[in-house]
Amino acid sequence: MRKALEGVRVVDMTHVQAGPVCTQLLAWMGADVIKIERPGGGDVTRSQLRDLPDVDSLYFTMLNGNKRSLTLNMKADEGKQVFSQLLERSDIVVENFGPGVMDRMGYTWERIQEINPQIIYASLKGFGPGALESAKAYENIAQATGGAMSTTGFEDGPPVVTGAQIGDSGNAVHLFGAICAALYQRTHTGRGQRVQISMRAGILNLCRVKLRDQQRLEHGPLAEYPNEEFGDFVPRSGNASGGGQPGWAVRCKPTTEKGANAWVYVVIQPQVWEPLMHKIGRPDLIENPDYATPEARLPHLQDIFDVIEQWTLTKTKWEAFGELNAINVPCGPVLSTKDLIEDEGLRAEGVVVDVDHPERGTYSTVGCPFTLSDSPVEIKRSPLLGEHSAEILEELLDLPEGELERLTAAGAV
Ligand code: CAO
């Protein structure tokens with residue numbers, strides 16, 4: 001076996017971002033992922049946010065690598081017959097349609113189990129049971145309802161969404177883990193099972209520390225937060241670290257005209273207090289009773305980061321990083337998307353990868369963020385719409401002579 005999931009077949013009913021990122025992970029692990037799309041347009045992201053006319057967008061190509069594409073009209077009887085046969089021959093089916101869509105297609109969990117008791121049926125929705133259950137959801141709705149937005153931003157500003165797509169791509173990773181666990185359990189039980197996740201639950205899992213702080217708040221103000229007043233919920237705390245060690249983003253010397261992203265994030269561990277103060281030219285603060293211990297520093301964190309910033313403003317973010325890292329101060333430059341796409345380290349790591357595409361030429365994508373020593377990942381381009389329809393149907397189904405032509409003529413494929 002050359003890949004972790006070699007021999008596993010996935011019927012991929014996913015669209016937009018959350019589902020496709022999950023099935024792309026399964027494909028990178030070696031599963032045969034058959035992406036089922038509506039004939040004509042396919043996944044809506046193929047034509048959304050296009051940078052080039054009439055070719056699959058980066059939105060689609062960056063989320064659907066290593067898959068095969070089969071067009072199938074799930075509203076036609078012939079399309080459903082083909083789908084049922086695919087379910088019989090597959091290990092996993094994944095979907096992230098709006099609430100009730102799979103049931104309306106005629107594929108309830110009971111029906112899917114009847115067709116193939118060994119299949120793992122994974123679904124991602126916006127919400128679980130409760131007031132929001134019937135609602136559709138996009139990334140920012142999940143961030144709004146899962147605790148991310150209310151805790152992100154500055155105290156005197158509006159709630160803010162994070163750039164990281166924690167609702168979509170974040171939950172894709174949750175779902176990937178859950179599917180792999182179900183697959184492993186099947187090796188013991190021989191049975192498939194239902195795997196479900198709501199985007200809101202996944203966000204809350206990522207906001208776990210904020211619920212920690214909600215409960216700590218009952219016992220008094222959160223001393224490590226920069227906020228001076230507290231209500232009965234966890235406030236937005238700007239760039240405070242949120243962990244046990246104080247941190248903040250401080251400005252650096254700009255290197256471009258606009259000076260964008262000339263920032264470095266600095267964490268003050270107790271063991272680096274002395275060398276850090278020497279480095280920034282403030283040895284007088286080392287023994288000062290207002291600053292000498294972590295507890296004494298808590299009410300003065302903003303002053304301390306202001307002092308550090310006086311020093312970082314004389315350095316570029318990379319100079320500041322180099323000098324602070326050399327004395328073991330945990331820190332990191334704030335890197336822009338341009339910095340990242342040009343980062344040689346990320347390319348060497350296989351995380352930023354160039355792929356050839358027959359219609360759009362070469363594009364850069366984000367590869368697999370983890371490695372398995374026995375399961376190498378080769379990043380391949382996304383499929384064209386219906387590129388593998390004939391190949392998949394001929395390979396997997398016992399189609400009588402002329403059936404493929406009939407299905408195509410009927411608009412089912
Ligand atoms: N053949 C025929 N019809 C098809 C089809 C196919 N191959 N694939 C999908 N369809 C149809 C479905 O049958 C459904 O039609 P009905 O509403 O008539 O039953 C429709 O296409 C898809 O419905 P939808 O509710 O999933 O799609 P939408 O564009 O209205 O909503 C979204 C999109 C993302 C809001 C919704 O799918 C959703 O809430 N998904 C769950 C949460 C989620 O994944 N959100 C993340 C999105 S990434 O930002």
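The values are calculated or read from the model by the stated rules, or taken from the named source; none is laboratory data. Just so you know, these numbers come straight off a predicted model, no measurement behind them. Note that each Cβ is placed from the backbone with ideal geometry, even for glycine, and that neighbours are counted across all protein chains shown. When the accessible area is computed, the model is the full protein with side chains, heavy atoms only, and any ligands, DNA or RNA have been set aside. Shrake-Rupley method; radii C 1.70, N 1.55, O 1.52, S 1.80 Å.
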Looking across the stretch 1-53 at residues that are open to solvent by 10 Å² or more (accessible area, probe 1.4 Å), among the charged types (D, E, K, R) and in contact (Cβ under 8 Å) with a residue 60 or more places away in the chain, the single one that is farthest from the ligand (Cβ to nearest atom) is 2
Quick check on the stretch 240-254. Is at least one of its residues without any contact (Cβ under 8 Å) to a residue 60 or more places away in the chain, under 22 Å from residue 157 (Cα atoms) and open to solvent by 80 Å² or more (accessible area, probe 1.4 Å)? no
By residue number, the members of the stretch 311-324 that are surrounded by 14 or more Cβ atoms within 10 Å (Cβ to Cβ) and in a helix (DSSP H, G or I) are 311, 312, 317, 318, 319, 320, 321, 323, 324
Residue 61 vs (1) over 23 Å from residue 408 (Cα atoms); (2) within 14 Å of the ligand (Cβ to nearest atom); (3) open to solvent by less than 30 Å² (accessible area, probe 1.4 Å); (4) not small (Gly, Ala, Ser): all pass except (2)
The condition of being open to solvent by less than 40 Å² (accessible area, probe 1.4 Å) and either free of Cβ contacts under 8 Å to residues at least 60 places away in the same chain or near the ligand (Cβ under 10 Å from one of its atoms) (or both) holds, among 142, 182, only for 142
Note to self: Against the condition assigned to a helix (DSSP H, G or I) and under 20 Å from residue 161 (Cα atoms), how does residue 239 come out, does it pass?
What the structure shows: no
Scanning the stretch 217-239 for residues that are modelled with pLDDT of 95 or more and within 29 Å of the chain's Cα centre (by Cα) gives 233, 234, 235, 236, 237, 238, 239
Within the stretch 69-93, restricting to residues that are of a type in the set (Val, Ile, Thr) and closer than 19 Å to residue 114 by Cβ, the one that is farthest from the ligand (Cβ to nearest atom) is 92
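Condition check ((1) touching a Cys at 6+ places or on another chain (Cβ under 6 Å); (2) of a type in the set (A, V, I, L, M, F, W, C); (3) closer than 18 Å to residue 17 by Cα) across all residues:
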site: 151; (1), (2), (3): no, no, no
site: 162; (1), (2), (3): no, no, yes
site: 169; (1), (2), (3): no, no, yes
site: 211; (1), (2), (3): no, yes, no
site: 220; (1), (2), (3): no, no, no
site: 233; (1), (2), (3): no, yes, no
### Message
Being outside any helix (DSSP H, G or I) and at pLDDT below 95 is the requirement here; does residue 399 meet it?
### Response
yes
Reported set for the stretch 185-204 where residues are away from the ligand (no atom under 12 Å from the Cβ) and either assigned to a loop (DSSP other than H, G, I, E, B) or polar (S, T, N, Q) (or both) is 185, 187, 189, 190, 191, 192, 193
Checked the stretch 349-365 for anything out of contact with any Ser or Thr (no Cβ under 7 Å at 6 or more places or on another chain), open to solvent by 80 Å² or more (accessible area, probe 1.4 Å) and either within 19 Å of residue 54 (Cα to Cα) or not charged (D, E, K, R) (or both); matches are 358, 359, 362
Practice problem: Determine whether the stretch 2-10 contains at least one residue that is under 20 Å from the mean Cα position of the chain (by Cα) and not in a strand (DSSP E or B). | Solution: no
Margin query: Take residue 147 and tell me if it is farther than 30 Å from residue 6 by Cα and loosely packed, with under 14 Cβ neighbours inside 10 Å.
Written below: no
Just one listed residue, out of 377, 307, is surrounded by 14 or more Cβ atoms within 10 Å (Cβ to Cβ) and assigned to a loop (DSSP other than H, G, I, E, B), and it is 377
When the stretch 120-139 is checked residue by residue, the ones that are of a type in the set (Asp, Glu) and within 9 Å of the ligand (Cβ to nearest atom) are 139
Got at least one residue in the stretch 369-386 being without any contact (Cβ under 8 Å) to a residue 60 or more places away in the chain and more than 27 Å from residue 173 (Cβ to Cβ)? no
Open item on the list: Among the residues of the stretch 161-178, are any of a type outside the set (Val, Ile, Thr), part of a loop (DSSP other than H, G, I, E, B) and farther than 23 Å from residue 128 by Cβ?
Closed with: yes
